[in-house]
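**Q** Questions regarding the structure given below will be posed in turn.
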Amino acid sequence: MRECVCWLLLRSGLITPEIVQSLLPWVNSPSENHRVTSTAFLAQLMSDPMLREKKFLKPVLHILEEKSQDRNSIVRQMAVRGLGNLVYGAPEKVKKHKKFLMVILIRALSDPFSSEVIGESMKAVAKVLKELKEKDIGSSFRDLTQEIRTYFDNEDDALRLWSFVLFGILARLTKRKWKGYFAEQECRATFHLCVPFLGLKRLQTAVNEHLDGTAELKPEELQVDICRHLAKENAELLENLYKSTIMYFFSRWEEIRAVAAKLAGIILEHTDRQRMKWLNLDHLLMSLQFLKKDPSPSVQLVATEVLNDICPGRVLGE
C-alpha cells in the first residue's frame, strides 16, 4: 500500500526535492512504521528518472546500504528492492556502482531471519546482472554462484525457482574467465539435485562430502567413491553406469571419449570381479585398443593407461 502511494505521488509530479529531504530523517526514526514507510518511498524513488535529475542518487544509495542491515526485515526488504530498482531509474549508473551493489545484494542472500529479504535480493540481483557483462562482475562471480547454489534444494518454492533463474542468467553471462569454474558449479549442482533420487543414503553422504564447501572438486576421487558405493549398494545400477559409459567411447568430443575410458577403468578397478558377470571383457579390450589409435593424443594416453591397469591376463584366466 505504501509503495502504491509513493508510485502515485511520483507519477503525478508532486514529489519535490524539499519533500524528499523532509522524509530522509524518517529512515533513522525509532518508529518502525516510519522507517518502513520512508524506505519504501526511497525504494520507489530509485525507479524514477528524477533520482538522477535532482542529484539524489548518491545519498539515497548510502541510505539504502545502511537500511539493508536494519533490524526490521521489511525495512531490509525495501532497501534491497530499492537497490535493484536502480536499473529502472538510472540504468547507466549500474556499471559504475556494480561492486557496491553486488556486495550488499550477496550479503542479503544469506539473511538469517527473512526468506522475503532473500527472495527480494534474488530479484534485485537478476535485474542488476542483466545490465552487466562477465568482466563487470569480477570476483563477485564466485561468491554469488556459491550462495545461489545453496538454495537449489530449499524448502521455499519461490527461493528454489529464483535460484535456478539466477543460475541461468549467470550461465548466459559466462564467456571466458569463469567458464571452467561455472562448469564445476553446474556439476556440483547436478549431483546435489540428482543423487537423492537414487535412494542410497551412504552414497549420498559420500557424494556430499565431495561437493560441500568450496574446495576444488576432484572428479576422479568422486568417481571412485561412487563406484565403490554402487558396487556395495546397487550392483545393477553400476552395471547400467558401465553400459552407458562405454557408449561414450565413440562420442564426437575427444574430452568425453577420454573421460569415458577413464571411468570404465575406475568401474573395473573398484568392482568385485565375482559380481561382474555382465562384463564383456573382450569387447572392452577391443574398444580400448581402438581408442589407442584415436586422433586425440589425450584419448590415446588414457586408453593406454586403462589397458595397463586392467591386468587382463589375470581376469581372463579365471
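The values are calculated or read from the model by the stated rules, or taken from the named source; none is laboratory data. Computed from a prediction, not measured in an experiment: that's the story for all the values here. Don't worry about glycine lacking a Cβ; one is built from the backbone with ideal geometry, like all the others, and counts go over all protein chains shown. All accessible areas refer to the heavy atoms of the entire protein, side chains included, with ligands and DNA or RNA removed. Shrake-Rupley method; radii C 1.70, N 1.55, O 1.52, S 1.80 Å.
**Q** With respect to SER110, is the statement that it is surrounded by fewer than 18 Cβ atoms within 10 Å (Cβ to Cβ), at pLDDT 85 or above, of a type in the set (S, T, N, Q) and more than 16 Å from the chain's Cα centre (by Cα) true? Show your work before the answer.
**A** Numbers: surrounded by fewer than 18 Cβ atoms within 10 Å (Cβ to Cβ): yes; at pLDDT 85 or above: yes; of a type in the set (S, T, N, Q): yes; more than 16 Å from the chain's Cα centre (by Cα): no.
It is false that SER110 is surrounded by fewer than 18 Cβ atoms within 10 Å (Cβ to Cβ), at pLDDT 85 or above, of a type in the set (S, T, N, Q) and more than 16 Å from the chain's Cα centre (by Cα).
**Q** Something else about it: Take TYR151 and tell me if it is closer than 30 Å to LEU132 by Cα and among the hydroxyl-bearing types (Ser, Thr, Tyr). Spell out the reasoning first.
**A** Numbers: closer than 30 Å to LEU132 by Cα: yes; among the hydroxyl-bearing types (Ser, Thr, Tyr): yes.
Criteria met by TYR151.
**Q** Moving to a separate point now. Taking the condition within 27 Å of PHE191 (Cβ to Cβ), part of a helix (DSSP H, G or I), modelled with pLDDT of 85 or more and open to solvent by 20 Å² or more (accessible area, probe 1.4 Å), does LYS232 pass?
**A** Details: within 27 Å of PHE191 (Cβ to Cβ): yes; part of a helix (DSSP H, G or I): yes; modelled with pLDDT of 85 or more: no; open to solvent by 20 Å² or more (accessible area, probe 1.4 Å): yes.
No: the conditions fail for LYS232.
**Q** Pull out all pairs, ordered by first then second residue, where Cβ-Cβ is under 8 Å, the residues are six or more apart or on different chains, the first lies in segment 221-232 and is of a type in the set (Gly, Ala, Ser), and the second is part of a helix (DSSP H, G or I).
**A** Cβ pairs passing all conditions: ALA231/LEU238; ALA231/ARG275.
**Q** For segment 62-90, what are the residues that are in contact with an Asp or Glu (Cβ under 9 Å, 6 or more places away or on another chain) and open to solvent by 50 Å² or more (accessible area, probe 1.4 Å)?
**A** If the condition is that a residue be in contact with an Asp or Glu (Cβ under 9 Å, 6 or more places away or on another chain) and open to solvent by 50 Å² or more (accessible area, probe 1.4 Å), then ARG71, ILE74, ARG81, TYR88 are the ones that fit.
**Q** Still on this structure: How do the pairs read when you match residues in segment 153-170 that are among the charged types (D, E, K, R) with residues anywhere that are assigned to a helix (DSSP H, G or I), using Cβ under 7 Å and keeping only pairs 6 or more apart or on different chains?
**A** Correct list of pairs: ASP153/HIS192; ASP153/LEU193; ASP156/SER115.
**Q** Now a separate question. Picking from GLU18, GLU66, which residue would you name as being assigned to a helix (DSSP H, G or I), at pLDDT below 90 and either out of contact with any Pro (no Cβ under 7 Å at 6 or more places or on another chain) or under 30 Å from GLU134 (Cβ atoms) (or both)?
**A** Working: GLU66 fails: at pLDDT below 90.
After ruling out the rest, the residue left standing is GLU18.
**Q** Related question: Among what's in segment 131-188 and is of a type in the set (Gly, Ala, Ser) and open to solvent by 50 Å² or more (accessible area, probe 1.4 Å), pick the residue that is nearest to the chain's Cα centre (by Cα).
**A** If we filter segment 131-188 for residues that are of a type in the set (Gly, Ala, Ser), which is where we start, we get 138-140, 158, 163, 168, 171, 180, 183.
Subsequent filtering for residues that are open to solvent by 50 Å² or more (accessible area, probe 1.4 Å) retains 139, 158, 180, 183.
Working: SER139: 14, ALA158: 16, GLY180: 13, ALA183: 10 Å.
That would be ALA183.
**Q** Moving on to the next point. Which members of segment 239-269 meet the condition of being assigned to a helix (DSSP H, G or I) and basic (Lys, Arg)?
**A** LYS243, ARG257, LYS262, listed by residue number.
**Q** Across segment 189-207, what is the number of residues that are outside any loop (DSSP other than H, G, I, E, B) and open to solvent by 40 Å² or more (accessible area, probe 1.4 Å)?
**A** Initial filter on segment 189-207 (outside any loop (DSSP other than H, G, I, E, B)): 189-198, 201-207.
Next cut, open to solvent by 40 Å² or more (accessible area, probe 1.4 Å) only: 190-194, 196-198, 201-202, 204-205.
Count: 12.
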